[in-house]
1. Scan the range 138-159 and tell me whether some residue there is assigned by TED's automatic domain parsing to the domain that holds residue 107, crowded, with 17+ Cβ neighbours inside 10 Å and either closer than 17 Å to residue 100 by Cβ or touching a helix residue (DSSP H, G or I) at 6+ places or on another chain (Cβ under 8 Å) (or both).
2. Can you pull out the residues in the range 71-99 that are out of contact with any helix residue (DSSP H, G or I) (no Cβ under 9 Å at 6 or more places or on another chain) and surrounded by 14 or more Cβ atoms within 10 Å (Cβ to Cβ)?
3. Would you point out which residue out of 100, 83 is over 14 Å from residue 155 (Cβ atoms) and outside any loop (DSSP other than H, G, I, E, B)?
4. Of (1) more than 17 Å from residue 178 (Cα to Cα); (2) surrounded by 11 or more Cβ atoms within 10 Å (Cβ to Cβ), residue 102 satisfies all except one. Which?
5. Do we have residue 18 as within 22 Å of the chain's Cα centre (by Cα) and at pLDDT 85 or above here?
6. Just to be sure before I move on: is residue 57 assigned to a loop (DSSP other than H, G, I, E, B), touching a helix residue (DSSP H, G or I) at 6+ places or on another chain (Cβ under 6 Å) and either outside the structural domain of residue 178 (by TED's automatic domain parsing) or modelled with pLDDT of 90 or more (or both) in the structure I sent?
């Protein structure tokens, strides 16, 4: 089963799927099955639609039944794993917020005792973090870490080349990006990577 949710004009579009219905759905008394590869294609098409649709495409997929995933019909769990290797945020419901979060401060610090590097995150005055989104460039690859609101620092790998931090508010809105700089240099800001 695949369909668009009803939503206000500026809302997020999400494609919903039920792997059990999709993988083994009776159609007129006979079994019409979709293989896991078809589900993978649907996820990829949904992701591609974000940039190609005139008013913006779907920004995510919802698997609203775990049964097909838990039964691992047609090895769907292993086939979906590469598509969901990085953590992801729930799409923002921007129409619920009256004010977007401001740019936080992100500062690189090193432990005097161990030399380990950390990024210290501070929300702008008046902002409250629901989550922190920390992206790190290392060896030409970006990795994503999502941290809870009470986190104010995050340990970095030794080979991290660049660190970008965003505050995420309760309805999923991202603040402008902050590039973490050494505490000895002035704070810098930049667009998202």
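1. Looking for residues that are assigned by TED's automatic domain parsing to the domain that holds residue 107, crowded, with 17+ Cβ neighbours inside 10 Å and either closer than 17 Å to residue 100 by Cβ or touching a helix residue (DSSP H, G or I) at 6+ places or on another chain (Cβ under 8 Å) (or both), one finds none in the range 138-159, hence no.
2. Listed by number, the residues that qualify are 89, 90, 91, 92, 93, 94, 97.
3. Values: 100 fails: outside any loop (DSSP other than H, G, I, E, B).
Every option except 83 fails the conditions.
4. (1)
5. no
6. It is true that residue 57 is assigned to a loop (DSSP other than H, G, I, E, B), touching a helix residue (DSSP H, G or I) at 6+ places or on another chain (Cβ under 6 Å) and either outside the structural domain of residue 178 (by TED's automatic domain parsing) or modelled with pLDDT of 90 or more (or both).
The values are calculated or read from the model by the stated rules, or taken from the named source; none is laboratory data. Bear in mind that the values here come from a model prediction, so they are computed numbers and not experimental data. Don't worry about glycine lacking a Cβ; one is built from the backbone with ideal geometry, like all the others, and counts go over all protein chains shown.
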